[in-house]
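Data first, discussion second: the structure below is written as structure tokens.
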């Protein structure tokens, strides 16, 4: 009975160690559901997403055509390099092509990783986190839980304290890294008692075979599910390709409309310039017209004046004097005083006699 119990304990330990080894350095399923199984670096080299195991992740939504992204990229790169054991970058690109994505990462000398542009996860993440503007940084716990959606601000203004602040979040869940698992494994083995020196008897029939068959059946179901998910991923990739083609067409249409707006703006500016010149010309013409009108009025006044030749003789009044400067005042030699002519009067003409202080007609 003791030998059987020892065998059972030993078998349990072996199963535990096998389970520990199989789980070694395995990425948490929550994180794997978000980023998928593979990543690339700035040189296009492909890596398993297991490299993210045990670290907080900054999903960096960015693109090479975005000036604010180019300004922020060196900051998040340096932050990652200063915290290599706690933090890793996964860029989610919005570039127009894979070559544009890699050129952007090389130009920025980006450390860390990225989702391939044609990855089915790219559009999913933009939709899932409702990203409407870039650059945006979403901070994730090692298990995929959201710690902060303001990672850009945290890294920009609180780079020295962000790691500790994120770890204090109630959503932060620490997952075992490979080193910690090895340490736990070594501790378990070192503390285990020495195995028995005698060989065990022939193993009686047990339920292990049945469990193995059940595990095989479960693995077959998982394989079928993986195949189905792969088909869906291919469909999503095709949708992404179609969406990129639509975006390219829309981009061309936007460029055409921009060119038309630019041309219309130039034409409008030309018309404004012509209108301004016309208004200036009209203003000058108005001034000239006013001057001509004034001269015409003077000419009309002179035309209505009966006496503009200085001294003249009138049978009724004798010698009279006026000129353009004094008119309508007329000096009468016989009266010895000035008379005021009522302009426009004729047959008879009316004069005001200042000496007698009365009107007279002649």
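Only the coordinates and a few stated rules stand behind these numbers; no lab work does. Everything numeric in this text was worked out from a predicted model, so none of it was measured. So basically every Cβ, Gly included, is an ideal-geometry build from the backbone, and we count neighbours across all protein chains shown.
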For all pairs of alpha-carbon atoms in region 312-361, what percent lies in each bin of width 5 Å, listed from the first bin to the last filled one?
5, 20, 32, 32, 10, 0
Test of understanding: ordering 52, 275 by Cβ neighbours within 10 Å, fewest first, what list do you get?
275, 52
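Over region 26-176, what is the percentage of antiparallel beta bridges among all DSSP beta bridges, to the nearest 5?
Details: 11 of 20 bridges.
Here the share of antiparallel DSSP bridges comes out near 55 percent.
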Indicate, rounded to the nearest 5 percent, the antiparallel portion of the DSSP beta bridges found entirely in region 18-104.
30 percent
Could you tell me the calculated FRET efficiency between residue 316 and residue 278, based on Cβ-Cβ distance and R0 = 56 angstrom, to the nearest 0.05?
0.45
Once the piece of chain linking residue 324 and residue 231 is laid out straight, how much longer is it, given 0.36 nm per residue of separation minus the C-alpha distance between them?
22.7 nm
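How do 28-35, 245-252 rank on mean C-beta neighbours within 10 Å, highest first?
So the peptides 28-35, 245-252, ranked by packing, come out 28-35, 245-252.
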What's the ranking of 153-159, 90-96 by average number of surrounding C-beta atoms within 10 Å, highest first?
90-96, 153-159
Could you work out the relative contact order of region 312-361? I mean the mean sequence separation of Cα pairs under 8 Å and 6+ apart, divided by the number of residues, in percent.
22 percent
Determine one quarter of the surface area of the Cα convex hull of region 221-362, which equals its mean projected area, and express it in nm² to one decimal.
19.2 nm²
Difference of contour (0.36 nm per residue) and Cα-Cα distance, residue 100 to residue 357
82.1 nm
By average C-beta atoms within 10 angstrom, highest first, the peptides 222-235, 64-77
64-77, 222-235
Linear extension gain, residue 41 paired with residue 289, 0.36 nm per residue minus alpha-carbon span:
81.4 nm
Label-point separation (nm) for residue 132 and residue 83, each offset 7 Å from Cα along Cα-to-Cβ?
2.8 nm
Using only C-alpha positions, report the orientation-averaged shadow area of the convex hull of region 46-171, nm², one decimal.
7.2 nm²
